[in-house]
Amino acid sequence: MTSTSETSAAAPFSRIKIRTGALVFCGDDVALIRRDRADSTHYTPPGGNVEHGEDLAAALARELAEELDLDVDQADGGDLMWVVDQRVTRPGPTPPPRKLHLIYRFHITPELRATLAEVELDEQPDGSHETGLIEWIDYRKTAELPIFPPIGPALAALPDPRAAVTDAALEAVTDDTYSWV
């Protein structure tokens, strides 16, 4: 017989992870990381998982420094825009966690943009690195892009990059609404 702790440890979505991410705007352009894989291409906002015991603001600052070489103290903003609740079964042997994506917003100048990274290296579990390209895309053209979490339609619908967001909770990402490619 399996103990309760063993059963819950193996159950999908039985643990929660938090990911901080940011939409970094320079005018109408937003920085997204493009990852090309053998069978697909997808985009993601810069950011990453919050480490155990880490403050959310510190995690966001760390991730933006690692991925974009951005010092958040040089950017304007930092407001929470959206929360995306992810409960999607991913390919692979590990039971998927439930993940909350916290998406923040920053604005930078063209001068600061010129100093930022153009490539991001994402360390893999085996110690290798996956290369991501930093692309600056007009935010109004993101609705049809393969972005994860799937924030493209909400992003493209903003009347302008500084528009107020009245509801921070975007639609949950579940097996019924999203399929891994």
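Only Lys, Arg, Asp and Glu carry charge here, each on its Cβ (+1 for the first two, -1 for the last two); on that basis the chain has a dipole of about 620 debye about its Cα centre.
Consider the candidate values [x] 16.9, 63; [y] 16.0, 43; [z] 15.8, 49; state which one is Rg and Dmax of the Cα atoms in Å computed from the structure displayed. It is the value labelled [x]. Highest mean packing comes first when the peptides 84-95, 151-162 are listed by Cβ atoms within 10 Å, giving 151-162, 84-95. The largest-to-smallest principal axis extents of the Cα set in segment 133-181 are 32, 30, 15 Å.
Amide hydrogen proximity for Trp82: with H placed 1.01 Å from N in the peptide plane, the residues at 5 or more positions away or on another chain lying under 5 Å are Ile103.
Using the rule -39500 (n - 2.57) for each DSSP H run of four or more residues, divided by the residues of the chain, the 222 nm mean residue ellipticity is -4000 deg cm²/dmol. Which net charge results for the neighbourhood of Gly53, defined as the other residues with beta-carbon distances under 15 angstrom from its beta-carbon, given Lys and Arg at +1 and Asp and Glu at -1? For residues surrounding Gly53, the net value is -1.
Using a probe of 1.4 Å, the accessible surface attributed to Trp180 totals some 70 Å² when neighbouring protein chains are kept in position. Modelled spin-label separation between Leu80 and Glu118, with each label point placed 7 Å from Cα along the Cα-to-Cβ direction: 3.6 nm. Using the Cβ-Cβ distance between Asp167 and Arg37 with R0 set to 45 Å, the FRET efficiency from 1/(1 + (r/R0)^6) comes to roughly 0.85.
Beta-bridge orientation, the chain: approximately 65 percent antiparallel, per DSSP, counting only bridges with both partners inside. Residue by residue, segment 43-60 carries 3J(HN,Hα) couplings of 10, 8, x, x, x, x, 6, 7, 7, 3, x, 7, 5, 4, 5, 5, 5, 5 Hz when phi is fed to the Karplus relation 6.51 cos²θ - 1.76 cosθ + 1.60 (θ = phi - 60°); x denotes Gly or Pro.
The values are calculated or read from the model by the stated rules, or taken from the named source; none is laboratory data. Keep in mind the model is a prediction, meaning the values are calculated, not measured. Please note: Cβ atoms are built from the backbone with ideal geometry, for glycine as well, and neighbour counts cover all protein chains shown. All accessible areas refer to the heavy atoms of the entire protein, side chains included, with ligands and DNA or RNA removed. Shrake-Rupley method; radii C 1.70, N 1.55, O 1.52, S 1.80 Å.
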